[in-house]
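Reading through the structure tokens given below for one structure.
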Amino acid sequence: MAEASVLIGQSGEPEPMRCALAGRYANRHGLVAGATGTGKTITLQILAEGFSDLGVPVFLADIKGDVAGLSQAGDAANPKLPERALKTGMTDFRTQAYPVVFWDVFGRQGHPVRATISDLGPLLLARMLDLNDTQEGVLNLLFKYADDQGLLLLDLKDLRALLAMAVDNPASLGSDYGAVSKATLGVIQRALLTLEQQGAEAFFGEPALQLEDFMQTTLDGRGVINVLAADQLFQQPRLYATFLLWLLSELFEDLPERGDADLPKLVFFFDEAHLLFNDAPKALLDKIEQVVRLIRSKGVGIYFITQNPLDLPETILGQLGNRVQHALRAFTPRDQKAVRAAADTFRAKPGLDVATAITELGVGEALVSTLGEGGVPTPVERAKVRPPRSRMGAITPEERQTVMSRSPFKARYDAALDRESAYEQLQARAGQQAQAAAEAERQSEARRLAEAQAKEAEKARLAAEKAQAAADRAAARRPAREPDSVWESAAKSAARAASSEVGRKIGRELLRGLLGSLSRR
Ligand SMILES: Nc1ncnc2c1ncn2[C@@H]1O[C@H](COP(=O)(O)OP(=O)(O)OP(=O)(O)O)[C@@H](O)[C@H]1O
Ligand SMILES: [Mg+2]
């Protein structure tokens, strides 16, 4: 029996040759590159279809809205599709819709994808907030404080409450946590405000995404294609890149090691991948490189999609075994450099001038090299890419609604949950403080009254005795001890509220793997 593979297309010279991606090596990652309008998105679409057909779930981001077409059957009346299918080695062409689940960080075009602040961790949050090292250090410290004190950090208002508390009373953090400047806290607060203005509030909170929900198959054995509606998210490139990075790190942490397998567990497409690396600090780059390298053995294949392969760091490029290179332009010296670099990464095929071919490829044509027997790259082929079975292009809002209404995940994720966490814990404490202050005010008022009455008493002994009695009653109501300091009480109330859930979160925080645990000491 032929090995499970995903058909990409067919090359014609000197004779028709099937170009496919072997399921067995699909976890050795891949690259889809090419200038705008050369066919990258359709290639992504046919790869997603192919994996789904093999029963492998897929995750991808839909930046322009044109990937959503996967959820609808292609145009059966278009004669060009079957014609192209025949030329590209596809003998069983028919149009067909694919099982798609829509997700949306903002919860509009798909089920909300949420993560808690503590799940995200200080490193990625600092990246989202664009903090410098000092500010990131303070954020780390606040996370540590919250962990130590059992304060749950779920959503943005929890983090806000924690920051506000640190600003109001920095000394109460205690010497264990080092010095924290108000100015730095102020910068973090402002960065947080910017993040909120970008609409990130919706992303943080519960119910948080369960990763296994990204790894579903249908009853008839097809892999579910998770489409993240990213047109809005993409407006904030930093948020977009950090979010996808968070997903990768979660997958990396949660999935068990598995040996070589016939098929990957999940295929993850990272569109506009250069954004991940844009001015990323060295420490983060190293971690990304490490995650990409190690996630392979957990059965996750990552496919980077980008216009120019030079936009990816060499350490990452070197790990991408399966390559589909669409046309590149060669106008400027930088273009020409990219062409040469892209050409150099292919295993040569006699008679094919790769560098020239890259600039001559038509739309929907590509240079293809995949991993073959023994994980060795096949010689590069110039191939015509097969047509998709699903629709090329966008879908209507009604079509999206229909897909969403049939989704098994709407009950689980669509309504937000707001359970007691740092914000409520700290607010309850602030409420108790306000009550205590009102009580103290009432008592001093009573004392003033008593004193006034005592003066009167000099004139009238009866009145003085009465006033004295009132003062005694007031004194009896005075509390036995001073209220706890704010931090102390927050900690106590948190400890009281501590449930197994808190334990789980904290345990998880401590166990955070590669990305989350990265600290800059
Ligand atoms: N394999 C294919 N089969 C049929 N048509 C294709 C194929 N590849 C590309 N096309 C045609 O070319 C058009 C452009 O392709 P595509 O949208 O994939 O380009 P792109 O590289 O993603 O562009 P951009 O960078 O602008 O997003 C498609 O809308 C489709 O009409
Ligand atoms: Mg595109």
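Some points to look at:
- The simple spin-label model puts a point 7 Å past each Cα toward its Cβ; for Lys455 and Thr36 those points are separated by 8.2 nm.
- Computed over the chain, the per-residue total of -39500 (n - 2.57) for DSSP H runs of n ≥ 4 gives a 222 nm mean residue ellipticity of -14000 deg cm²/dmol, rounded to 500.
- If R0 equals 56 Å, the separation of the Cβ atoms of Glu212 and Gln443 corresponds to a calculated FRET efficiency of about 0.45.
- A cut-off under 14 angstrom between Cβ atoms defines the neighbours of Lys87, and their net charge, with Lys, Arg +1 and Asp, Glu -1, is +2.
- Peptides 360-366, 415-421, 378-384 ranked from most to least packed, by the mean per-residue count of other Cβ atoms within 10 Å: 378-384, 360-366, 415-421.
- Cα gyration tensor category, rounded, prolate or oblate, for region 296-350 with a/c compared to 1.5: prolate
- 0 to 90° range, to nearest 10: angle between helix 282-295 axis and the chain longest Cα axis: 60
- Long-range HN-HN contacts of Leu31 with modeled amide H, under 5 Å: Phe304, Asn322, Arg323, Val324
- For region 247-403, a/c is less than 1.5, where a ≥ b ≥ c are the root eigenvalues of the C-alpha gyration tensor. That puts it in the rounded class.
- Contour minus Cα-Cα distance for Asp344 and Gln197 (0.36 nm per residue): 48.5 nm
- Note on Arg258/Glu373: beta-carbon distance plugged into 1/(1 + (r/R0)^6) with R0 of 25 Å gives a FRET efficiency of 0.70.
- Degrees, to the nearest 10: 422-459 long Cα axis against longest axis of the chain: 10
- Two-decimal Rg/Rh across the chain, once Rg and the Kirkwood Rh are taken from alpha-carbon atoms: 1.16
- Each residue, Asp335 and Glu15, gets one label point 7 Å from its Cα in the Cβ direction; the gap between the two is 3.8 nm.
- In sequence order, calculated HN-Hα J values of region 58-68 (Karplus, 6.51, -1.76, 1.60; Hz; x Gly/Pro): 10, 10, 8, 9, 10, 7, 9, x, 8, 7, 4
- Here the 3J(HN,Hα) profile of region 241-257, calculated from phi with Karplus coefficients 6.51, -1.76 and 1.60 at θ = phi - 60°, is 5, 5, 4, 5, 5, 4, 4, 4, 5, 5, 4, 4, 6, 7, 7, x, 5 Hz, Gly and Pro shown as x.
- Helix 333-344 axis versus longest C-alpha principal axis of the chain: approximately 70°, rounded to the nearest ten.
- Fully extending the segment from Ala428 to Lys410 would add 3.2 nm, taking 0.36 nm per residue of separation and subtracting the current Cα-Cα distance.
- In terms of its C-alpha gyration tensor, region 218-288 comes out oblate, because a/c is 1.5 or above while a/b does not outweigh b/c.
- Potential extension, Leu219-Asp92 segment - 0.36 nm per residue separation minus Cα distance: 43.5 nm
- Report note on the peptides 193-201, 253-261, 115-123, 3-11: ranked by the mean count of other C-beta atoms within 10 Å, highest first, their order is 115-123, 3-11, 193-201, 253-261.
- The Cβ shell under 13 Å around Gly55 holds other residues with a net charge of -2, Lys and Arg each +1, Asp and Glu each -1.
- Once backbone amide H atoms are built at 1.01 Å from N, Gln96 has Gly74, Ser390 as its partners under 5 Å, excluding neighbours fewer than 5 places away on the same chain.
- For the chain, the relative contact order works out to 27 percent when only alpha carbon pairs closer than 8 Å and six or more residues apart are counted.
- Between the amide H of Asn226 and those of Val58, Phe59, Leu60, Val101, distances stay under 5 Å, these residues lying 5 or more places away or on another chain, with hydrogens modeled in the peptide plane.
All of the numbers you see were taken from the coordinates with simple rules; none came from a lab. Source: prediction; values computed, not measured. Because the Cβ atoms are built from the backbone with ideal geometry, glycine has one as well, and the counts that use them run over all protein chains shown.
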